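The values are calculated or read from the model by the stated rules, or taken from the named source; none is laboratory data. Small disclaimer: the values here were computed from a predicted structure and weren't measured. Backbone-built Cβ (ideal geometry, glycine too); neighbour counts: all protein chains shown. For accessibility, only protein heavy atoms count, side chains too; no ligands or nucleic acids. Shrake-Rupley method; radii C 1.70, N 1.55, O 1.52, S 1.80 Å.
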Amino acid sequence: MDLESGRPRHEQISDWLREQIDDGAYGTDEKLPSEKEIGERFDVSRVTVRRALQTLENEDYIYRRQGLGSFVKEQRAAQGLVRLTDFAQDMAQAGLEARSVVEHHAPETPPPDVTVHLNTDEQKVMRLDRLRLGDDRPVAFDRTWLPMFYAQLLEGHNLEHETIYQILETEYDIPILRGSYRITAANADPAIADVLGVDEGTALLLIERLSLTEGEKRVYYQRRYYRSDRVAYEMELARDPSRRDTGTHGMPLHDFEPVFETDADADT
C-alpha cells in the first residue's frame, strides 16, 4: 500500500492496520509489527506511527505494552466498527459530491448550553453555519461552535470545500480522536426551513456532536439538521454466539452509518 497525498498519513496507516486485523492477518493477542517496522514500511516517522496506533487503541482494536509492542485486542467485533467521520467522508461513501455553503461565520457570546458542552469560560466563541450539499442538493444544515483557539486555525481556508477535520488534522496535526453523538428529532424553524428548502415545521433528524482531541480538549460542538427525506441511519448488530452474557450487556453494535438518497433513488 502506498500512502496517498492529501490525507493524513497516520489515518491511512491506521486504516491499513485495521484492515489487516479485520482480514485475520493478526489474531487475538498477536503482536503487530514494531513502530520501526511500520515506519520503514511506509517511510514515515515514529511519531506518525504512534498516532496511528493511538487511533486503534482508542477504538479498542489493540492494546499496548511498554517495551513489548502493540497487540490485537480480544473481542474486536464486540467493540464495534463505528468510526468518526466528517461530512465529506460520508458523502464519498455514498458516492455523492460534497460541497458546503457558508451561511454565517462570526464570533458570538455562546448560549449557556454551548458553554456547558465546550466546557469553556470564554466570553466569545466562533459560530459557523453551513448548508451541506450532496451532488448540489441540500442534505443538512450545520451550526458549529468552536473555541477561539481552534477557530483561528480555520482562517484563510475554504470552508466550502474543506472540512474542519481535514484542516486541523492535515495542516496542524490536531487529530479528532473521540466524539459523542446524540440523535433526536426537531422541527424546522423558519430560518433552517428556508436554507434546507423545506416547509416550516418539517420533521428533521438532529444530531448533536461533541468532538475532542488529545488531552480531552473540546474542539467543537455541533448541531446538524438532516433532511429526513434524504438521510436515514442504519445499524448492524453482531452477536457473538461464544459469549453467554449478551442478554446482560445487549447485542454489540457492529456498524452504524448514514445512508443517503441519491438522484437515482429520487427518480424511482
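Restricting to region 147-171, name every residue that is out of contact with any helix residue (DSSP H, G or I) (no Cβ under 9 Å at 6 or more places or on another chain) and more than 22 Å from Tyr225 (Cβ to Cβ). Break it down into steps so the answer makes sense when it comes.
Going residue by residue through region 147-171, those that are out of contact with any helix residue (DSSP H, G or I) (no Cβ under 9 Å at 6 or more places or on another chain) are 148-149, 151-152, 155-156, 158, 160, 167, 170-171.
Residues satisfying the conditions are Met148, Phe149, Gln152, Glu155, Gly156, Asn158, Ile167, Thr170, Glu171.
Kindly provide the set of residues from region 148-175 that are within 14 Å of His10 (Cα to Cα), assigned to a loop (DSSP other than H, G, I, E, B) and open to solvent by less than 60 Å² (accessible area, probe 1.4 Å), ordered by number.
Within region 148-175, the subset within 14 Å of His10 (Cα to Cα) is 165-166, 168-175.
Still in the running and assigned to a loop (DSSP other than H, G, I, E, B): 173-175.
Answer for region 148-175, where residues must be within 14 Å of His10 (Cα to Cα), assigned to a loop (DSSP other than H, G, I, E, B) and open to solvent by less than 60 Å² (accessible area, probe 1.4 Å): Ile174, Pro175.
Which of (1) in contact with a Leu (Cβ under 8 Å, 6 or more places away or on another chain); (2) touching a residue at least 60 places away in the same chain (Cβ under 8 Å); (3) surrounded by fewer than 20 Cβ atoms within 10 Å (Cβ to Cβ); (4) not hydroxyl-bearing (Ser, Thr, Tyr) is the odd one out, the single condition Trp145 does not satisfy?
For Trp145, the failing item is (3).
Sort out which residues of region 47-90 are among the polar types (S, T, N, Q), open to solvent by less than 50 Å² (accessible area, probe 1.4 Å) and at pLDDT 75 or above, and write them in order of number.
Thr48, Thr55, Ser70
Under the condition of being at pLDDT 90 or above and among the aromatic types (Phe, Trp, Tyr), which residue from region 197-239 is nearest to Leu146 (Cα to Cα)?
The residue in question is Tyr220.
Hey, among Arg178, Arg243, which residue is touching a helix residue (DSSP H, G or I) at 6+ places or on another chain (Cβ under 7 Å), at pLDDT below 90 and either of a type in the set (Gly, Ala, Ser) or open to solvent by 60 Å² or more (accessible area, probe 1.4 Å) (or both)?
Arg178
Exactly one condition in (1) among the aliphatic types (A, V, I, L, M); (2) modelled with pLDDT of 85 or more; (3) open to solvent by 80 Å² or more (accessible area, probe 1.4 Å); (4) over 24 Å from Leu146 (Cα atoms) is false for Ala185; which is it?
Going through (1) among the aliphatic types (A, V, I, L, M); (2) modelled with pLDDT of 85 or more; (3) open to solvent by 80 Å² or more (accessible area, probe 1.4 Å); (4) over 24 Å from Leu146 (Cα atoms) one by one, Ala185 breaks only (4).
Condition check: surrounded by 16 or more Cβ atoms within 10 Å (Cβ to Cβ), modelled with pLDDT of 95 or more and closer than 29 Å to Glu216 by Cβ. Does Val125 satisfy that? Show your work before the answer.
Numbers: surrounded by 16 or more Cβ atoms within 10 Å (Cβ to Cβ): yes; modelled with pLDDT of 95 or more: yes; closer than 29 Å to Glu216 by Cβ: yes.
Taking the combined requirement at face value, the residue satisfies it.
Tell me yes or no: at least one residue of region 168-175 is closer than 19 Å to Thr109 by Cα, of a type in the set (Asp, Glu) and in contact with an Asp or Glu (Cβ under 9 Å, 6 or more places away or on another chain).
The initial filter retains those residues of region 168-175 that are closer than 19 Å to Thr109 by Cα, namely none.
Within region 168-175, none of the residues are closer than 19 Å to Thr109 by Cα, of a type in the set (Asp, Glu) and in contact with an Asp or Glu (Cβ under 9 Å, 6 or more places away or on another chain).
Which residue out of Ile13, Ile38 is modelled with pLDDT of 90 or more, assigned to a helix (DSSP H, G or I), of a type in the set (A, V, I, L, M) and within 30 Å of Gly134 (Cα to Cα)? Full working, then the answer.
On the way: Ile38 fails: within 30 Å of Gly134 (Cα to Cα).
Only one candidate qualifies: Ile13.
Is one or more of the residues making up region 100-110 under 22 Å from Gly179 (Cβ atoms), open to solvent by less than 40 Å² (accessible area, probe 1.4 Å) and either outside any loop (DSSP other than H, G, I, E, B) or of a type in the set (Asp, Glu) (or both)?
yes
Evaluate the following for Val44: is it out of contact with any Leu (no Cβ under 8 Å at 6 or more places or on another chain) and surrounded by 17 or more Cβ atoms within 10 Å (Cβ to Cβ)?
No.
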